[in-house]
Amino acid sequence: MTKETVLGNAVLSYEIAIDWGKLPSGISYGYTHGVCVDSKDNVYVHNTGEHAIIVFDRDGNFLTSWGQEFKGGAHGFYLHKDADGMEYLYITDTKRGLLVKTTLNGEVLMERRRPERPDLYDSDRRYVPTDVCVAPNGDVYVSDGYGQYYIHHYDSKGTYLRSWGGRGSGQGQLIEPHGISVNLRGEEAELYVADRRNHRIQVFTLNGEHKRFVEHDLDLPCSFYFAGEEVFIADLNSRVTVLDKNDLLVTHLGEDQQAYKQKGWPNLPKDYFRPNKFSSPHGICVDSRGDVYVVEWIADGRLTKLIRCIGKT
């Protein structure tokens, strides 16, 4: 693995790990939609290919793959340490309209389809879950980002509790709530929703009450990762955005204002892509050393590792 510098600014900067995470012969990506790291800094890549979950160690060595059942539908991806001290993966499948909880090696522990809400869903009004997150008490939240634009709330056992949202641009309304995550940086936990087609983040209490908007420095936000006081956001329009504890801009990483304007985007000719520029960031995570992993919405996948330099602890 070689390195190429530098993305970021004087406050926060990264070297690019060139050729990190090579796939073995016979395994290929579909659209790379999600990425997570476990407590050992193993990296899990969620994609729509035959090997829907591919695992590397922190040095980029291939470890294993699984998840054929998610082929074509792999989308939301969240790793959480539950109350039992074990780490689990929470996955949404857009093709099957499914929330799944698994062990780190793929054993299915829970499945949930759309909630029994005939006022929201029927044969014409589809349920297409795009992301999932888990609160400190184990409650689970699912965003119906490609269906009817609702957030659904379950307890830790998968019992349905409530829903909120619906199409619109007012407080509590959403247009394509694509990503969802839990903010633990303040005095109380909050839900951050990537209200993508409104070009904003909408912040809720854990019971679904609107608190505020974050509307600056965002361009089709897809997903989040909270690391220390910073939040890392995959902006689909060709950049990663980093905000501080007050949700103010720290930097944009790998911004390319031409990529998403190209004909055929996101599936551009291979000679267009450059190591230090993003085209269509879709999923993001940060490991224990502050290194960042970005996956992009591209037909045959793209995974980039950024190694933190300035400001590294």
- [ ] State, to one decimal in nm, how far the label point of ARG212 lies from the label point of VAL11, with both points 7 Å from Cα in the Cβ direction.
- [x] 1.6
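Rounded to whole Å and ordered largest first, report the semi-axes of the equivalent ellipsoid of region 170-235 derived from its Cα gyration tensor (root of 5λ).
Values: eigenvalues 56, 45, 16 Å².
Semi-axis lengths for region 170-235 are 17, 15, 9 Å.
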Open item on the list: For the ranges 46-58, 249-261, 187-199, 100-112, what's the packing order if you count other beta-carbon atoms within 10 Å of each residue, average per peptide, and put the highest first?
Closed with: 46-58, 187-199, 249-261, 100-112
Open item on the list: Considering the Cα positions of region 207-313, please state its Rg to one decimal place and its Dmax as a whole number of Å.
Closed with: 14.3, 47
- [ ] For an R0 of 45 angstrom, estimate the FRET efficiency from the Cβ-Cβ distance between PHE226 and ASP122 and round to the nearest 0.05.
- [x] 0.80
Task: Förster radius 35 Å - calculated FRET efficiency between ARG113 and ARG289, Cβ distance, rounded to 0.05 - done: 0.35
Open item on the list: For the pairs LYS71/LYS305; LYS22/LYS277; LYS211/LYS277; LYS81/LYS211; LYS71/LYS270, flag any whose C-alpha to C-alpha distance is greater than 30 Å.
Closed with: LYS211/LYS277
- [ ] Return the aspartates and glutamates within reach of LYS40: Cα separation strictly under 13 angstrom, same-chain partners fewer than 8 residues apart disregarded; answer none if there are no such residues.
- [x] ASP57, ASP59, GLU87, ASP287
- [ ] Can you figure out the FRET efficiency of ALA299 with THR64, using R₀ = 22 Å and their beta-carbon distance, to the nearest 0.05?
- [x] 0.40
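Read the figures in this text as sums done on the coordinates, not as results from a lab. Since the structure is predicted, the reported quantities are computational estimates derived from the model, not experimental observations. Every residue, glycine as well, gets a Cβ built from its backbone with ideal geometry; the counts of neighbours run over all protein chains shown.
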